[in-house]
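Colleague: My questions will all concern the structure given below.
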Amino acid sequence: MSRKPSVFITGASGEIGHALIARLAADDPERPIVTLDLNPLPPESAAKVRQAITGSILDTALLDGILAQYEVDRVYHLAALLSTRSEFTPALAHKVNVEGALNVLEFAQKQGESHGRPVLFFYPSSIAAFGLPNREVKARAGKVKEDDFNVPTTIYGANKLYCEHLGRYYARHYKQLAAETMSGKVDFRCIRFPGLISAETVPSGGTSDYAPEMIHAAASGQRYECFVRPDTQIPFMAMPDAVDAIVRLMTAPRERLTRTVYNIGAFAPSAAEIEAVVRSAFPHADIRTKVDEKRQGIVDSWPADVDDSAARADWGHAPSYDFATAFGEYLIPSIRKRYANR
Ligand code: SER
């Protein structure tokens, strides 16, 4: 039982969760962190949290139990099925990505109502919320703004786009016909992430995974078949910058925020450029291209880059790694060390 203001993280065993727990625990060791994930938390993360619960965001009785036990005033709702995984089971994707998000928003609303302060709610959306109709339009569009091309082709992208609206609804319009004002209990803040690349973890079930998979395979001496054409381009970001952006957005004064959903970018290399830098670090890398036309189609519907001027202006988004330093100073050295120790 903890009536101290606490943090609640869903999907905590995933890639972002791993990095976010380390950062939040370092920034504020006194603030209890409670996590929920279908998979047990890795030991290095578990050591940093008050309670790691193994369970589902679809289990509302479990969420009610957490509600009764903790005074949560910050929620990071990271649990989701990613884009490739979702495409094989769209109904399940909807359940986890939409009904799950609704359950966690209800949880936050109830927390806010019970302790009388708005609950800060972080929601990771994705470049998958965009859908460009073809490669010509993609090439012409360049850096895409938040409100353009919101016509995703994947169930995952549609789920993310809808949950962005759901969050805005809870924050601003929840039960707008009720006698008393019910909205404003959830302070919903959302980032549309580019593809994320971590030195610590390998993603599973995403469609931007070709970049991280290529690097991890090369470093661990495994052959890799890249599933997109060499000229394929989408934005990417190093995981420490993704976590830094979450912290910046969550600590920004509310009145500075002009939007609920923000694009962020860092660098936007082609698959060929990623391969070249991986090859120069690991000259024996066995990388081939074996295009999966269907997954290629998904990546082709995502923007080549994003316009993140609103995030820069409103809450100081400023990634510290560009393409050269993300690989040269973060990914390659850390990944090299990781596989050397095995
Ligand atoms: N990177 C994720 C994926 O590929 C998108 O959010 O599914």
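Colleague: So which of P203, P212 is at pLDDT below 95 and not in a loop (DSSP other than H, G, I, E, B)? Even if it seems obvious, please write down each step before you answer.
Modeller: Numbers: P203 fails: not in a loop (DSSP other than H, G, I, E, B).
Of P203, P212, the one residue that is at pLDDT below 95 and not in a loop (DSSP other than H, G, I, E, B) is P212.
Colleague: Can I ask one more? State yes or no: is V144 of a type in the set (A, V, I, L, M) and more than 14 Å from T10 (Cβ to Cβ)?
Modeller: Answer is yes for this residue.
Colleague: I'm checking my understanding of the structure. Among residues of region 7-30 that are touching a Leu at 6+ places or on another chain (Cβ under 9 Å) and not in a helix (DSSP H, G or I), which one is nearest to L41 (Cα to Cα)?
Modeller: Only one residue tops the list, namely S13.
Colleague: Can you tell me how many residues in region 322-342 are farther than 13 Å from I274 by Cα, open to solvent by less than 50 Å² (accessible area, probe 1.4 Å) and in contact with a helix residue (DSSP H, G or I) (Cβ under 8 Å, 6 or more places away or on another chain)? I'd like the intermediate steps shown before the answer.
Modeller: First, pick out the residues of region 322-342 that are farther than 13 Å from I274 by Cα: 329-330, 333-342.
Narrowing further to those that are open to solvent by less than 50 Å² (accessible area, probe 1.4 Å): 330, 334-335, 339.
Those still in the list that are in contact with a helix residue (DSSP H, G or I) (Cβ under 8 Å, 6 or more places away or on another chain) too: 330, 335, 339.
Residues meeting the conditions: 3.
Colleague: Just the residues that are more than 10 Å from the ligand (Cβ to nearest atom), open to solvent by 10 Å² or more (accessible area, probe 1.4 Å) and polar (S, T, N, Q), please, taken from region 205-235.
Modeller: Within region 205-235, S220, Q222, Q233 meet the criteria.
Colleague: Which of the residues that make up region 165-191 are under 24 Å from G206 (Cα atoms) and either of a type in the set (S, T, Y) or in contact with a helix residue (DSSP H, G or I) (Cβ under 7 Å, 6 or more places away or on another chain) (or both)? Spell out the reasoning first.
Modeller: Filtering region 165-191 for residues under 24 Å from G206 (Cα atoms) gives 165-167, 189-191.
L166, G167, R189, C190, I191, listed by residue number.
Colleague: Of the conditions (1) away from the ligand (no atom under 13 Å from the Cβ); (2) closer than 28 Å to H165 by Cα; (3) open to solvent by 10 Å² or more (accessible area, probe 1.4 Å); (4) touching a strand residue (DSSP E or B) at 6+ places or on another chain (Cβ under 7 Å), V247 fails just one. Which one is it?
Modeller: All conditions pass for V247, except number (4).
Colleague: Right, another one. Right, A79: in a loop (DSSP other than H, G, I, E, B) and closer than 21 Å to I127 by Cα or not? Spell out the reasoning first.
Modeller: Details: in a loop (DSSP other than H, G, I, E, B): yes; closer than 21 Å to I127 by Cα: yes.
The answer is yes for A79.
Colleague: Let me ask you something else. Out of region 28-44, which residues are open to solvent by less than 60 Å² (accessible area, probe 1.4 Å) and either under 13 Å from T10 (Cα atoms) or modelled with pLDDT under 95 (or both)?
Modeller: Those that are open to solvent by less than 60 Å² (accessible area, probe 1.4 Å) and either under 13 Å from T10 (Cα atoms) or modelled with pLDDT under 95 (or both): I33, V34, T35, L36, D37, L41.
Colleague: Give the residue, chosen from A61, A52, A68, that is outside any loop (DSSP other than H, G, I, E, B) and touching a helix residue (DSSP H, G or I) at 6+ places or on another chain (Cβ under 7 Å). Before the answer, list the steps.
Modeller: On the way: A61 fails: touching a helix residue (DSSP H, G or I) at 6+ places or on another chain (Cβ under 7 Å); A68 fails: touching a helix residue (DSSP H, G or I) at 6+ places or on another chain (Cβ under 7 Å).
Being outside any loop (DSSP other than H, G, I, E, B) and touching a helix residue (DSSP H, G or I) at 6+ places or on another chain (Cβ under 7 Å) holds for just one of A61, A52, A68, which is A52.
Colleague: One residue is enough: does region 215-228 have a residue meeting the conditions in a helix (DSSP H, G or I), β-branched (V, I, T) and closer than 22 Å to R279 by Cβ?
Modeller: Of the residues in region 215-228, the ones in a helix (DSSP H, G or I) are 215-219.
Now narrow it down to the ones that are β-branched (V, I, T): 215.
Next cut, closer than 22 Å to R279 by Cβ only: 215.
Checking region 215-228: at least one residue is in a helix (DSSP H, G or I), β-branched (V, I, T) and closer than 22 Å to R279 by Cβ.
Colleague: Another question, if that's okay. Given the options R254, R229, name the one that is among the charged types (D, E, K, R) and either in contact with a Ser or Thr (Cβ under 6 Å, 6 or more places away or on another chain) or over 18 Å from R295 (Cβ atoms) (or both).
Modeller: Numbers: R229 fails: either in contact with a Ser or Thr (Cβ under 6 Å, 6 or more places away or on another chain) or over 18 Å from R295 (Cβ atoms) (or both).
Exactly one of R254, R229 is among the charged types (D, E, K, R) and either in contact with a Ser or Thr (Cβ under 6 Å, 6 or more places away or on another chain) or over 18 Å from R295 (Cβ atoms) (or both), namely R254.
Colleague: On the given criteria, is I332 assigned to a helix (DSSP H, G or I) and in contact with a Gly (Cβ under 9 Å, 6 or more places away or on another chain)? Give the derivation first.
Modeller: On the way: assigned to a helix (DSSP H, G or I): yes; in contact with a Gly (Cβ under 9 Å, 6 or more places away or on another chain): no.
It is false that I332 is assigned to a helix (DSSP H, G or I) and in contact with a Gly (Cβ under 9 Å, 6 or more places away or on another chain).
Colleague: Among the residues of region 287-316, which ones are touching a helix residue (DSSP H, G or I) at 6+ places or on another chain (Cβ under 7 Å) and in a helix (DSSP H, G or I)? Spell out the reasoning first.
Modeller: Start the filter on region 287-316 by keeping residues that are touching a helix residue (DSSP H, G or I) at 6+ places or on another chain (Cβ under 7 Å), which leaves 287, 295, 298, 300, 302-304, 306, 314-316.
Hits for region 287-316 are R295, I298, D300, D314, W315.
Colleague: Taking the stated definitions as given, is S183 within 16 Å of the ligand (Cβ to nearest atom), at pLDDT below 95, surrounded by fewer than 21 Cβ atoms within 10 Å (Cβ to Cβ) and part of a loop (DSSP other than H, G, I, E, B)? Spell out how you get there, then give the answer.
Modeller: Values: within 16 Å of the ligand (Cβ to nearest atom): no; at pLDDT below 95: yes; surrounded by fewer than 21 Cβ atoms within 10 Å (Cβ to Cβ): yes; part of a loop (DSSP other than H, G, I, E, B): yes.
Answer is no for this residue.
Colleague: Same structure, new question: Return the residue satisfying two criteria in turn: it lies in region 71-88 and is more than 16 Å from the ligand (Cβ to nearest atom) and crowded, with 22+ Cβ neighbours inside 10 Å, and of such residues it is nearest to K294 (Cα to Cα).
Modeller: Within region 71-88, the subset more than 16 Å from the ligand (Cβ to nearest atom) is 71-75.
Keeping just the survivors that are crowded, with 22+ Cβ neighbours inside 10 Å gives 72, 75.
Details: V72: 42, V75: 35 Å.
That would be V75.
Colleague: Does A171 meet the test of being at pLDDT below 95 and either within 12 Å of the ligand (Cβ to nearest atom) or more than 14 Å from the chain's Cα centre (by Cα) (or both)? First the steps, then the outcome.
Modeller: Details: at pLDDT below 95: no; either within 12 Å of the ligand (Cβ to nearest atom) or more than 14 Å from the chain's Cα centre (by Cα) (or both): yes.
Criteria not met by A171.
Colleague: Scanning for something in contact with a Lys or Arg (Cβ under 8 Å, 6 or more places away or on another chain), of a type in the set (F, W, Y) and within 16 Å of the ligand (Cβ to nearest atom), does region 135-149 turn up at least one residue? Don't jump to the end; show me each part of the working.
Modeller: As a first pass, look at region 135-149 and keep what is in contact with a Lys or Arg (Cβ under 8 Å, 6 or more places away or on another chain): 146.
Adding the requirement that they be of a type in the set (F, W, Y) leaves none.
So far as region 135-149 goes, no, none of its residues is in contact with a Lys or Arg (Cβ under 8 Å, 6 or more places away or on another chain), of a type in the set (F, W, Y) and within 16 Å of the ligand (Cβ to nearest atom).
Colleague: Here's a follow-up. Kindly check whether there is at least one residue in region 247-260 that is over 16 Å from the mean Cα position of the chain (by Cα), within 20 Å of D305 (Cα to Cα) and part of a helix (DSSP H, G or I). Before you say what the answer is, go through the steps one by one.
Modeller: Residues of region 247-260 over 16 Å from the mean Cα position of the chain (by Cα): 251-259.
The next check asks that each one be within 20 Å of D305 (Cα to Cα); those that pass are 259.
Of the ones still in play, those that are also part of a helix (DSSP H, G or I) are none.
The answer is no; no qualifying residue exists.
Colleague: Among F193, F188, which is more than 16 Å from the ligand (Cβ to nearest atom) and either in contact with an Asp or Glu (Cβ under 9 Å, 6 or more places away or on another chain) or open to solvent by less than 40 Å² (accessible area, probe 1.4 Å) (or both)? Even if it seems obvious, please write down each step before you answer.
Modeller: On the way: F193 fails: more than 16 Å from the ligand (Cβ to nearest atom).
From the options F193, F188, the qualifying one is F188.
The values are calculated or read from the model by the stated rules, or taken from the named source; none is laboratory data. Given the structure is predicted, the values throughout are model-derived calculations rather than measurements. Cβ atoms come from the backbone with ideal geometry, glycine included; neighbour counts cover every protein chain shown. What goes into the accessible areas is simple: the full protein's heavy atoms, side chains included, and nothing from ligands, DNA or RNA. Shrake-Rupley method; radii C 1.70, N 1.55, O 1.52, S 1.80 Å.
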